[in-house]
1. Restricting region B:87-107 to residues that are over 14 Å from B:MET177 (Cα atoms) and within 14 Å of chain A (Cβ to nearest Cβ), which is surrounded by the fewest Cβ atoms within 10 Å (Cβ to Cβ)?
2. Pairs under 7 Å by beta carbon, first residue more than 9 Å from chain B (Cβ to nearest Cβ) and more than 18 Å from A:ALA139 (Cβ to Cβ) in region A:87-98, partner basic (Lys, Arg) and in a loop (DSSP other than H, G, I, E, B), six or more apart or different chains?
3. Could you check region B:160-208 and list, in sequence order, the residues that are within 20 Å of B:THR139 (Cα to Cα), touching a Gly at 6+ places or on another chain (Cβ under 6 Å) and not in a loop (DSSP other than H, G, I, E, B)?
4. With the requirement that a residue be closer than 12 Å to A:LEU113 by Cβ and either touching a strand residue (DSSP E or B) at 6+ places or on another chain (Cβ under 8 Å) or away from chain B (no Cβ under 14 Å) (or both), what does region A:145-158 give you?
5. Give region B:327-341 a look and list any residue that's surrounded by 18 or more Cβ atoms within 10 Å (Cβ to Cβ) and either more than 10 Å from chain A (Cβ to nearest Cβ) or assigned to a strand (DSSP E or B) (or both), or say none.
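The values are calculated or read from the model by the stated rules, or taken from the named source; none is laboratory data. Just so you know, these numbers come straight off a predicted model, no measurement behind them. Here the Cβ positions follow ideal geometry from the backbone for every residue, glycine too, while neighbour counts run over all protein chains shown.
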Amino acid sequence: MPRRNLKAAFLVGAIAMLAAAAQADDRYGIGRPATPAEIAGWNIDIGRDGSNLPPGSGSVERGRTVFAEQCSACHGDNGQGGVGDRLVGGQGTLASPKPIRTVGSYWPYASTLFDYIRRAMPQNAPQSLSNEDVYAVSAYILSLNGVVPANAVLDAKSLAAVKMPNRDGFVSDPRPDVHNH
Amino acid sequence: MDESARRSDGKPALWHAIGSREGRRQEHLEDAAAIYLASGRTPLQELDGIITPNGLFYERHHGGVPTIDPAEHRLMLHGMVDRPLVLTMEDIRRFPSQSRIHFLECSGNPVYTKPYGKTASDLVGLLSCAEWTGVPLKTVLDEAGLQAGAKWVVAEGGDAAALTRSIPIEKCLDDAMLVYSQNGERLRPQQGYPLRLLLPGFEGNMNVKWLRRLKVTAEPAYSREETSKYTDPMPDGTSREFTFYMEAKSIITRPSGGQKLTTHGFHEITGIAWSGHGKIKSVEISLDEGKSWQQAELQEPVLTRALTRFRLPWHWDGTPAVIQSRAIDETGYTQPTLAELVKVRGLNSFYHNNAIWPWRIDANGEVTNAQA
């Protein structure tokens, strides 16, 4: 790129400070800076260690109500599934010919449950639940799976501390795994 | 039910549309009804060459097809970068552009268990190929300045699912693209208008559509899609995670299931081959139930991570036959049989089935799935 070559030639032998300026000049200068407030508004990802979980808390008890109002039409009254995925049961079936993959039997991280409910559920109105209700309904689904007790109240700290039954059930990609020639 | 009949017909995006406002309104109503029709297939057995027309490109979505005004759309790039950025579509189109031809394939194409499909489209119709235009992702990452320790880029869509997948940084700095046009026209809504990620050779769902955010991280997001959904359960109860690549595969599209040879004599056998690991090196065809194999002719150009058309002249004397193709890619990998795959992976997995699919031709010329 001639523009860059010219700049580079001009700066040959220049001091380190000017070299840094040249590097900055290498950019196209397209776009504008994202502000910390904008980033905070957009960045809804929850890490598997629970990082970025918001303040607030929710109980299994409250979750039962939220689930009945917002979730049961697709996922069944007790999370047994319907139009939507089955959410409950299946622990111990993964090595069988009919594995049942649910939050309780399959999902490796509870933080992912919070992340997914908040970003994508309910399907007709994603991102409409309050953080408190997302904590509550997460707690309810985990309690239906026996992962947390029926009197549990989850917040950032306690949700991050939940160890899912299938936490260690995943392996890296070994492919190519068929050696036929 | 014929899957290809269920797809929506895929019109140009609203902002590049031809037709009346009433027509557009009708289209939106159809889109709303189509929310639960989560996929549509490409009629591979009807197509020639390697390029899929945009209206026939396969579709798969996880929360409906959003209608996004490009003037309002923003891409945020943040995380482990020196300069977090907000980019408009106009900004993105200012970067130096590239056009490249690549296939795109859904990872569940097809599943391992019966009932197997009748036609080439039923079997592997979640596969298409196009010329994509956009900006290399590396260009935009360099603009923001990657920090030390950056290992992943978490991509988020602007659909109702806010679909999220984590991409290894090596791929992002290699051939990943931010794409805004497909086969010369702007992306259609079903393909992610106004902006999508393209990761040549990686499973379809990672090529996040309606792309609105890229976060550079040290760790994957472990999103729902990459833990509970697009993972591959094995017979021992473990599951493979982060299974990105689509391995080498091929299928004969003519003659293929549902078609009929109406005359004895000359027939051209033709089909398509592809590999997520690079170029197709050769395609072999068997006319005798897999006992012997011969080289097919490859149509130029043979491009990396693109469909490659193959052909073999054939004289059919009316004897029943089983015909099949197998692809070998530039890494030396050979497309396996279904039995070879199942021996290693069992039947619990939905994804990455790249088996050979044989067709049976009976004495009347009727072509059916020999595996069914």
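1. From region B:87-107, those over 14 Å from B:MET177 (Cα atoms) are B:87-91, B:94, B:105-107; that's our starting set.
If we keep only those that are within 14 Å of chain A (Cβ to nearest Cβ) too, we end up with B:87-91, B:94, B:107.
Details: B:LEU87: 26, B:THR88: 18, B:MET89: 21, B:GLU90: 10, B:ASP91: 19, B:ARG94: 15, B:SER107: 23.
Among those residues, the one meeting the criterion is B:GLU90.
2. Going by the 7 Å Cβ cut-off, the qualifying pairs are A:GLY90/A:ARG101.
3. B:MET177, B:LEU178, B:VAL179, B:TYR180
4. We begin by selecting, within region A:145-158, every residue closer than 12 Å to A:LEU113 by Cβ; these are A:145, A:147-148, A:154.
Of everything in region A:145-158, those that are closer than 12 Å to A:LEU113 by Cβ and either touching a strand residue (DSSP E or B) at 6+ places or on another chain (Cβ under 8 Å) or away from chain B (no Cβ under 14 Å) (or both) turn out to be A:VAL147, A:VAL148, A:LEU154.
5. Restricting attention to region B:327-341, the residues satisfying the condition of being surrounded by 18 or more Cβ atoms within 10 Å (Cβ to Cβ) are B:327-329, B:333-337, B:341.
Correct list: B:ALA327, B:ILE328, B:ASP329, B:THR334.
Yes or no, residue by residue, for (1) away from every other protein chain (no Cβ under 14 Å); (2) in contact with a Leu (Cβ under 9 Å, 6 or more places away or on another chain); (3) surrounded by fewer than 16 Cβ atoms within 10 Å (Cβ to Cβ):
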| residue | (1), (2), (3) |
| --- | --- |
| B:THR262 | yes, no, yes |
| B:GLN294 | yes, yes, yes |
| B:TYR351 | no, no, no |
| B:ILE361 | yes, yes, no |
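So that you can scan it fast, the table gives a plain yes or no per residue for (1) over 30 Å from B:VAL342 (Cα atoms); (2) in contact with a Cys (Cβ under 9 Å, 6 or more places away or on another chain); (3) surrounded by fewer than 20 Cβ atoms within 10 Å (Cβ to Cβ):
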{"residue": "A:SER105", "(1), (2), (3)": "no, no, no"}
{"residue": "A:GLN123", "(1), (2), (3)": "yes, yes, yes"}
{"residue": "A:SER128", "(1), (2), (3)": "yes, no, yes"}
{"residue": "A:ASN151", "(1), (2), (3)": "yes, no, yes"}
{"residue": "A:ASP168", "(1), (2), (3)": "no, no, yes"}
{"residue": "A:SER172", "(1), (2), (3)": "no, no, yes"}
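This table checks each residue for (1) touching a residue at least 40 places away in the same chain (Cβ under 8 Å); (2) closer than 30 Å to A:GLY41 by Cα; (3) aromatic (Phe, Trp, Tyr); (4) assigned to a strand (DSSP E or B).
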{"position": "B:VAL86", "(1), (2), (3), (4)": "no, yes, no, yes"}
{"position": "B:ASP91", "(1), (2), (3), (4)": "no, yes, no, no"}
{"position": "B:HIS102", "(1), (2), (3), (4)": "yes, no, no, yes"}
{"position": "B:LYS114", "(1), (2), (3), (4)": "yes, no, no, no"}
{"position": "B:LEU123", "(1), (2), (3), (4)": "yes, no, no, no"}
{"position": "B:VAL153", "(1), (2), (3), (4)": "yes, yes, no, yes"}
